[in-house]
Amino acid sequence: MKHTFTYLFLIVCAMMSVRCVEKTYLVPIDADETDEGGGSVDNKLPDNYTSYWYYTYEALHTINYETLGLAAAADFKPYAVADRGDTLFVANIGAAGHSLILFSKKDKRPLTTIKTWQFNDAEKNFTSSINAIVATDERLYVAEQQSLIHVFSLPDMEYYSCIGNGNWGGPVFQAQAMTIKDGLIFARNKNGKVRVYKESDVTPENYQKINFYKETGPGAGDTSNNGFAAHYMEPDQEGHILLTGYNAKSIRVLDPALINDSFTNGTNIDIDELTWTLVFNPKTFATSDERMYATGSNNAINIYDYEQKEWVNAIKSVKGFSFTNPERIYREDDQTFWVSDTSKRTLVKMGVFKGEIREYETLSKNLVKVRLATTRSGEEPETFIVNIRTHEIVDPAEVE
């Protein structure tokens, strides 16, 4: 975990007492500290050191049809999301028509909406729902359902090129998820196979002429997706690519290093022993240093803790917003995520925070009842139950 400061708590408890009050010392234990006279500060932890904290989730901002200046609620239905710098790229699959909305995160206002563009002296447009958006330093890749991957240059958003010709039998077969790694574009087809394209082949001259470089097998149980359930893929820190397998209730782990000139099309690049087996059908996910947040068939944001190696919570509401269908989630940074609720037609900026437990009552080995805690707005007297192993707030009804 990365922390600028670590709070040191001296627990003062009476023997046999169930209520403890924690005294806080604001001493950064991960830095060389000196006192005002230049002497060293002793950062040694006390023998009875205990530190309790918990996660909270909050809707920091919401985007709906009114935010965007649209005429009716039906006009906006957020789907795929990406960002680069201050710009948030939002796929709108609502009644206003297939479009890409550029939104300023800082000013909290729409910058522009792209529905049509000029290329080769002709007007072009999105012809179907946008399934995936990937932003690199120089390009924005936008995959739409009708077997096309559009490419815009960044930061000017000039149309650059297109992969696919709109035909199912062409180079792109209804791409439903997409990512880029080491100069290669990976796109999950409707049939679960992954087609790979070279970024170097993407030029204005190759508009709709780019063929796929390689094509992998579909992976165990992850084949056709006729219902067009949301999918997502992105590289992990180990150099693999994670890809949701909705039908298989799994997250596939792909080895992109296997893709080379001698690769035989149809060969699986799944690392089967690393496949995530889930109890829900996953749609999309977003990762932080400590956790994974995944949307799925249970209409919740499912939270996986890397340290505990387990799914520790499934949240259906956050402070300020209750989800109905959180279809997709996208990570801006470790504390900020964007959730597309397609039923409520709202894009939610969700903040993840850590609160400090100041006073508590021990209920069991892992559960404490909080009496006083710090929140984003300061120290507040609140009563709730926290699992100190998972750092999640627990529903009292679940406590025997």
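The residue that is nearest to the chain's Cα centre (by Cα), counting only those in the stretch 103-128 that are farther than 20 Å from ASN167 by Cα and of a type in the set (Asp, Glu), is ASP107. Looking across the stretch 124-153, the residues that are part of a loop (DSSP other than H, G, I, E, B) and surrounded by fewer than 23 Cβ atoms within 10 Å (Cβ to Cβ) come down to THR127, SER128, SER129, THR136, ASP137, GLU138, GLN145, GLN146. Looking only at residues of the stretch 279-312 that are touching a Phe, Trp or Tyr at 6+ places or on another chain (Cβ under 9 Å) and of a type in the set (Ser, Thr, Tyr), we find that the one that is nearest to HIS231 (Cα to Cα) is THR284. Test of understanding: among ASN313, ASN366, which residue is more than 27 Å from the chain's Cα centre (by Cα) and over 15 Å from GLU58 (Cα atoms)? On inspection, the qualifying residue turns out to be ASN366. Listed by position, the strands (runs of 3 or more DSSP E) enclosed by the stretch 331-400 that each have at least 1 residues that are among the small types (Gly, Ala, Ser) are 336-341, 346-362, 367-375, 378-387.
This table checks each residue for (1) modelled with pLDDT of 95 or more; (2) within 22 Å of ILE303 (Cα to Cα).
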| site | (1), (2) |
| --- | --- |
| ARG345 | yes, no |
| GLY351 | yes, yes |
| LYS354 | no, yes |
| TYR360 | no, no |
| VAL368 | no, yes |
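When ASP182, ASP156 are checked against the criterion of being more than 24 Å from THR116 (Cβ to Cβ), among the acidic types (Asp, Glu) and either crowded, with 18+ Cβ neighbours inside 10 Å or out of contact with any Lys or Arg (no Cβ under 7 Å at 6 or more places or on another chain) (or both), a single residue qualifies: ASP182. In summary, ILE210 fulfils each of the numbered conditions (1) part of a loop (DSSP other than H, G, I, E, B); (2) open to solvent by 10 Å² or more (accessible area, probe 1.4 Å); (3) modelled with pLDDT of 95 or more with the single exception of condition (2).
The values are calculated or read from the model by the stated rules, or taken from the named source; none is laboratory data. Values in this document were obtained by computation on a predicted structure and should not be read as measured data. All Cβ positions, glycine included, derive from the backbone under ideal geometry; neighbour counts span all protein chains shown. Heavy atoms of the whole protein, side chains included, go into the accessibility calculation; ligands, DNA and RNA do not. Shrake-Rupley method; radii C 1.70, N 1.55, O 1.52, S 1.80 Å.
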